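As structure tokens, the structure follows; a few thoughts come after it.
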Amino acid sequence: MCDFHPPLPVAVGFSGGADSTALLLSCAERWPGQVRAIHVHHGLQTAADGFQAQCEKLCAAHAIPLKVCAIDARHAPGQSPEDAARQGRYEALIHAAQQAWTDAQGQPLLPVQSMALAQHADDQVETLLLALSRGSGVAGLAAMPSRWQRAGLEWFRPLLTVRGQALRDWLALRAQDWVEDPSNTDIGYTRNRIRAQLLPVLEQAFPQFRATFARSSAHCAQAAQLMEEVAVADLVTVGVPPRIKDLQSLSQARQANVLRHWLRSVHATTPTAAQLSELMAQLGVCTTRGHRIHIKVGRGYVERQGLVLDWYNF
């Protein structure tokens with residue numbers, strides 16, 4: 001974490017597990033009095049109350065201000081449990097970080113400026129392998145960023161180059177305990193199967209796989225950024241809503257790129273690969289005034305409106 005320099009004060013997403021315990025304590029040692037902890041109580045396991053108790057005990061012992069947020073992480077129909085928990089967790093972290101903070105004596109503290117999360121090198125590999133298993137594009141293969149901005153906060157993942165076992169070894173040297181989430185051993189979750197069954201094989205076959213996979217993800221992140229910049233420029237050229245004739249003047253790759261960008265940035269929806277392929281096929285043969293385009297895309301429909309494409313979901 002030698003190159004980790006967040007704006008202070010920094011809040012740490014603290015589950016009570018080994019990874020976030022190591023991150024929280026290392027931050028507290030480095031910036032005494034400038035670290036806060038936020039624990040999200042998901043309410044999905046009987047062990048959740050024990051997680052909270054561990055967090056409260058550790059923060060009290062080290063005089064680290066702590067906020068506990070209870071959320072309803074049940075997933076909606078068609079939504080994965082992991083996605084529901086992740087979205088709820090981010091919303092809770094943002095809400096807690098933006099609230100007023102006080103110390104143990106009730107004295108006001110400076111507002112939080114940044115947020116640190118404890119995902120590490122093994123988590124990054126799992127994310128990349130999950131993206132590969134889903135046929136993701138370069139944005140998905142970029143895996144998790146180490147730094148970004150959201151809701152007025154600077155966000156960091158300072159442990160992405162650190163192995164999970166190294167964090168546990170660091171805690172063991174300090175005789176510091178942590179809690180183990182029992183769901184981490186449930187191989188019904190794809191991520192857990194990757195962790196339990198694939199990572200040991202990769203370790204044996206390619207001992208440096210964490211570093212090489214991280215380089216591949218970094219290359220994909222650069223490619224995704226370049227594609228975004230091209231899409232922004234192309235959207236200016238084709239207009240909003242995009243003109244069919246100007247779309248047809250683009251190469252297939254740039255046409256797909258700008259259509260994805262238009263749908264995501266303007267309408268907050270994402271086409272499937274099949275939907276995008278069908279839309280582009282229809283654009284390719286749209287040469288007469290009477291040609292109709294009406295295709296299900298994302299949460300709504302793309303429809304031809306004269307010389308342009310439109311999207312609606314009502």
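Quick one: which of L276, L259 is open to solvent by less than 10 Å² (accessible area, probe 1.4 Å) and either on the phi > 0 side of the Ramachandran plot or in contact with a strand residue (DSSP E or B) (Cβ under 9 Å, 6 or more places away or on another chain) (or both)?
L259
Taking each residue of region 288-308 that is more than 17 Å from P271 (Cα to Cα) and looking for partners that are open to solvent by less than 70 Å² (accessible area, probe 1.4 Å) and of a type in the set (A, V, I, L, M) with beta-carbon atoms closer than 8 Å, six or more apart or interchain, yields L307/I244; V308/I244. Within region 195-216, residues that are in contact (Cβ under 8 Å) with a residue 12 or more places away in the chain sit with their Cβ atoms under 8 Å from residues that are polar (S, T, N, Q) and part of a helix (DSSP H, G or I), at 6+ positions apart or across chains, in these pairs: R195/N184; R210/Q124; F213/Q124; A214/Q124. Checked against (1) open to solvent by 30 Å² or more (accessible area, probe 1.4 Å); (2) out of contact with any Gly (no Cβ under 7 Å at 6 or more places or on another chain); (3) not hydrophobic (A, V, I, L, M, F, W, C), T270 passes all but a single condition, namely (2). Can you give me the ranges of the helices (runs of 4 or more DSSP H) entirely in region 179-241 with at least 1 residues that are under 30 Å from H261 (Cα atoms)? Here the list reads 190-193, 209-238.
When residues in region 2-17 are screened for being open to solvent by less than 60 Å² (accessible area, probe 1.4 Å), farther than 9 Å from A118 by Cα and either modelled with pLDDT of 95 or more or touching a Ser or Thr at 6+ places or on another chain (Cβ under 8 Å) (or both), 5 of them pass.
The values are calculated or read from the model by the stated rules, or taken from the named source; none is laboratory data. On a predicted model such as this, the values are computed, not experimentally measured, just so you know. Don't worry about glycine lacking a Cβ; one is built from the backbone with ideal geometry, like all the others, and counts go over all protein chains shown. Quick note on the areas: whole protein, heavy atoms, side chains included, nothing else; ligands and nucleic acids left out. Shrake-Rupley method; radii C 1.70, N 1.55, O 1.52, S 1.80 Å.
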